[in-house]
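Trainee: For reference, the structure I am asking about is given below.
The values are calculated or read from the model by the stated rules, or taken from the named source; none is laboratory data. Owing to the predicted nature of the structure, the values given are computational and were not obtained by experimental measurement. Here the Cβ is made from the backbone with ideal geometry for all residues, glycine too, and neighbour counts use every protein chain on show.
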Amino acid sequence: MDIGFIGLGNMGQPMARRLIEAGHTLTVYDTRNDAVAPLVALGANLASSPQDVADRVETVMASLPEPHIVSKVATGEGGLIAGKRIKRFVDLSTTGSRTTIEVAAALSKRNIVQIDSPVSGGVGGAVKGTLAVMVSGPAADVAVLKDVLAVFGKVFVVGEKPGMGQTMKLANNVLSACNMAAACEAVVLAVKSGLDAKVAVDVMNAGSGRNSATQDKFPKSILTRKFDWGFATSLMTKDVRLALQEMKALNVPHDIMDAVERAWETAITELGAGSDFTEIVKPVEKRAGLVVGGEA
Ligand code: NAD
């Protein structure tokens, strides 16, 4: 299939690469030249703007950092909305349901279908093709895309309305954000009492405390002190803020997620937006006066 791909960062880069390796023809665009260069080297066509992508292909995917950037790329000046060939826009970013519904409404006026397709599973999952792909959109368009999306991982068709895939993604990510914040405090408790950090994480993973933070993030990126997961603190904080907005809009209790949001706001203030999200352990370590794992 001829596919446009916009946003070739930590996630977009390996996903686009997998599409090329699966035999699809890509037309790529990113504001950074260093992001497009490796894909052009693999045979992708280079476009000069989102509109240029949408002039050339019927199906355009995007993996962009923030909701306002998705809106601009899709519906702003020089955006997809002005493209001559585009029929469907597949948003792989975590955008939140409100922006998605607005974008879908604007695009529908030009007969362009918006399809939610946020993903979970990190850069490792994007490289290996083991992501969870949460799709919502009109059945006929989803059917056209199902095999293509399967290149990224396991496809879950969660509904037909715009925003359903996005809300699914936020429910997943706010739980993942909770796992991270809670695991940092639990491991720091163990270490402050004199226990070894690796022993503590191994016990949790053999016991009932295990979760995605203790199973993946602590062993790979925190105990090693590599902090190299490839997901920015700004993006996880964005996801938590978006999830809380949706919880409040739907009158869902959010006492626990309020505390989780405070932990992520502290992390972004103290570590900076561009820090790796596994560094959220550092503010906890600082307050407890210790460091977990590594040689430090
Ligand atoms: P990233 O910042 O690494 O990549 C975003 C890319 O978009 C960059 O290459 C940037 O140059 C490009 N970009 C920014 N503005 C643009 C514009 N106006 N036009 C074209 N390109 C533009 O982010 P990421 O980690 O790859 O995340 C992308 C999306 O996927 C986010 O919504 C994030 O929440 C979500 N996500 C990330 C992960 C992860 O582990 N990194 C996992 C699941 C979902």
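Trainee: State whether one or more residues within region 187-210 are within 25 Å of the chain's Cα centre (by Cα) and surrounded by 19 or more Cβ atoms within 10 Å (Cβ to Cβ).
Mentor: The answer is no; no qualifying residue exists.
Trainee: Quick one: which of Ile101, Ile81 is part of a helix (DSSP H, G or I), closer than 21 Å to Gln51 by Cα and touching a residue at least 40 places away in the same chain (Cβ under 8 Å)?
Mentor: Ile101
Trainee: Among residues belonging to region 135-162 that are in a loop (DSSP other than H, G, I, E, B) and touching a strand residue (DSSP E or B) at 6+ places or on another chain (Cβ under 9 Å), point out the one that is surrounded by the most Cβ atoms within 10 Å (Cβ to Cβ).
Mentor: Top of the filtered list is Gly137.
Trainee: Here is a follow-up. Taking Ala132, is it outside any loop (DSSP other than H, G, I, E, B), among the hydrophobic types (A, V, I, L, M, F, W, C) and in the same structural domain as Glu261 (by TED's automatic domain parsing)?
Mentor: Judged against the criteria, Ala132 is not a match.
Trainee: Quick one: would you say Thr167 is buried (at least 21 other Cβ atoms within 10 Å of the Cβ), hydroxyl-bearing (Ser, Thr, Tyr) and in contact with an Asp or Glu (Cβ under 7 Å, 6 or more places away or on another chain)?
Mentor: yes
Trainee: Which members of region 125-139 meet the condition of being of a type in the set (Val, Ile, Thr) and either free of Cβ contacts under 8 Å to residues at least 60 places away in the same chain or at positive phi (or both)?
Mentor: Thr130, Val133, Val135, listed by residue number.
Trainee: Can I ask one more? Filter region 107-126 for residues that are part of a helix (DSSP H, G or I) and either within 10 Å of the ligand (Cβ to nearest atom) or surrounded by 17 or more Cβ atoms within 10 Å (Cβ to Cβ) (or both) and give the result.
Mentor: Passing the criteria: Leu107, Gly122, Val123, Gly124, Gly125, Ala126.
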